Amino acid sequence: MASEQPSAPNPSGPAPGAPDRTEAPGAAQLKSLLLSPGYLQLLVLAALVGVPVSLVAFGFVGLEHQLQHWVWESLPDAVGYHQQPPWWWPLPALALAGVLIAPVLYRLPGHGGHLPVRGLGGPPLPPVTLPSVVLAALIALPLGVSLGPEAPLMAIGGGLALLGVARAKREEHPKAAAMIGMAGSCAAIATIFGNPLVGCVMVLEAAGLGGPQLLLLVLPCLLASGIGALVFTGFGHWTGLGIGALALPSLPKSGVPDASELLWAVPIAALIAVVVVGAQTLGWRAAAFTERRTPWRTVVCALAVGVAIAAYALCTGRSPAEAALSGQATLAQLAADPHSWGVGALVLLVLFKGLAWGVSLGSLRGGPIFPAILLGAAVGVACSGLPGLGTASGLSIGLAASGAAITGLPVTATLLAILLVGVNAPDASPLMIVSAVISFVVATVLKRVAPAPA
C-alpha cells in the first residue's frame, strides 16, 4: 500500500467554515474545553467567588492587625511602657495564646487548620473547618506567635469558595470543585504578598501541572486574584486600613552585582537553607511532642515561644515585637535602616526568632513564609560586611534564598523577591535567581538526609 503523502500547509489558512487540519489534536481538545459551557460557567463562578472571599479576607486581615496593634502597642502604652513593650511582655501574651488556642485545636472540627510545618496545606479545607481556622488565627497571630497570615487566608478563601458550591455538585465534580477552591485561595491572598500574581504563581507551581491542565487552572486563579486585588485595594482606600501586605517601602540602593557578590551568594544561600531546614526540623519535633496530650503540651510550646522572644529582647535591649509576630514590620524596618542593627543583634534575632518560629511551626497555627523571609533577610544583612558584598546584595540574597528554602518553589520565591526589591530588581535579579536555586537545592538535599515524618 502506497503511503499517503502529507499535504503542503496552506499559507492562507483553512477555508471559511472548514476545520483547521494543521491544528494539533491536543490544541483542538484544549480549545474545546476552554469554550465549553461548563468551563465558562466555572470562570463566571470564580469571578463571583472572588468578591465575597476578598471582602471576608480583608475583614480578617484588618481585625488581626487591629488586635495586634492593641496587644503590642496600645496596651503597653496604657500601662506606662511608651517606647516599646518590656522584655517580659511575650511571656503572658504567649501563655494566654496557648490557653486560648488549645481547646480550638483539640475540640473544634478542622483543629484550626493544618500544621504550618507541613507548608501552606494541600487541597482546600471543607467549609465546616472555617470557624476553627479563623479562631485559631485570631488568637495566635495577634498575641505574638511567630507565624504569618498567609496559610489561614488561603484556608479561609478555599473554604468560602467551596461553600458557594452545593455539596452535591462538589461530590459530582471534584476536579471542578478543587479548581474553585484554589481560585478562592488565590483571591484571599491576592495582595498579602504585595502583588496578586505571587499567590497565583505559588498555587500553580505547587500544583505541578503542565500543558493544557495548567492553562485550565490558571485562568480561574488569575481571574479570582485580579478581582481580589481590586477589592482589597478599593476597601483599603475607602476604610483607610492597611492590609498588611509584605512590602519594603524603603531599600538600600543596589548596583549591578559583580563576580564577588555572585560567589558570596553560594555559601550565604546555603547557610540560609540550613537555618530554615533546622527550624523546620525543630517544628517536626514540636509536632511529635504535641501529638499526644495536645491541650497542655500546646500551652507548653506557646510558652516556649514566649521565652525565646523575651530572651531576644532581654539580650539585645530591643523590642520583643521584632522577634514576635509574622516579621512583616521588622523586615520593613531592617530594609529601611539595616545599619541600626549590629551584627550581634542580627545573629540573636536569627537565633531566637528561629527558635520561636520552629516551635510555632509544629504546635500553633499560622503561615510559615513571612518569618522565614525575615530570617533570610537578617542573615543576608549580617553577612553584608564581608569583603565585596554590599548591604543591598546581602538583603537580596536573603529574600530569595529564604523563600525558596521554605516553600520549595524557586520560581515563586524569585518572583516574590523581585517584587519586594522594586526598583533594585533589574540589577539584583541575577543574584536572586542564583540564591534561590542554591538554597532550593541545599534545602532539598537536607530534607532527604533527614526526611520529615509522614
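Please treat every number below as a calculation from the coordinates, not as lab data. All of these numbers come straight from a predicted model, not from anything done at the bench. Virtual Cβ from ideal backbone geometry, glycine too; neighbours counted across all protein chains shown.
Below, the figures for the structure above:
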read-out	value
In order through region 36-49: 3J(HN,Hα) via Karplus (6.51 cos²θ - 1.76 cosθ + 1.60), integer Hz, x for Gly, Pro	6, x, x, 6, 5, 5, 5, 5, 4, 5, 4, 5, 5, 5
Fraction in percent of alpha-carbon pairs per bin - 10 Å, region 325-418	17, 51, 29, 3, 0
Peptide ranges 442-450, 226-234 listed from the most packed, as the mean C-beta count within 10 angstrom indicates	226-234, 442-450
Value of relative contact order over the chain, rounded to a whole percent, pairs C-alpha under 8 Å and six or more apart	20
MRE, 222 nm, helices only [DSSP H, n ≥ 4, -39500 (n - 2.57), over the chain, to nearest 500]	-22500 deg cm²/dmol
Net charge over other residues, Cβ less than 12 angstrom from the Cβ of LEU349 (K, R count +1; D, E count -1)	+1
Normalised contact order of region 231-375, rounded percent, pairs of Cα under 8 Å and 6 or more residues apart	36
Ascending count of other beta-carbon atoms within 10 Å, so fewest first, for ARG118, ARG365	ARG118, ARG365
Pairwise FRET efficiency - TRP70 versus VAL343, Cβ, R0 = 41 Å, nearest 0.05	0.75
Nearest-0.05 FRET efficiency for GLN83 and VAL423, computed from C-beta distance (R0 41 Å)	0.80
Under Karplus coefficients 6.51, -1.76 and 1.60, residue-wise ³J(HN,Hα) of region 284-293 in Hz, glycine/proline x	5, 5, 5, 5, 5, 5, 8, 5, 10, 6
The chain, dipole about Cα centre (Lys/Arg Cβ +1, Asp/Glu Cβ -1), debye to the nearest 20	1100
Residue range of the chain that is longest and free of GluC sites (Glu not before Pro) which are both DSSP loop and sparsely packed (at most 14 other C-beta within 10 Å)	24-290
Cα Rg over Rh - the chain, Kirkwood	1.03
Amide H contacts of GLY367 (H built 1.01 Å from N, under 5 Å, at least 5 apart or other chain)	GLY148, GLU150, ALA151
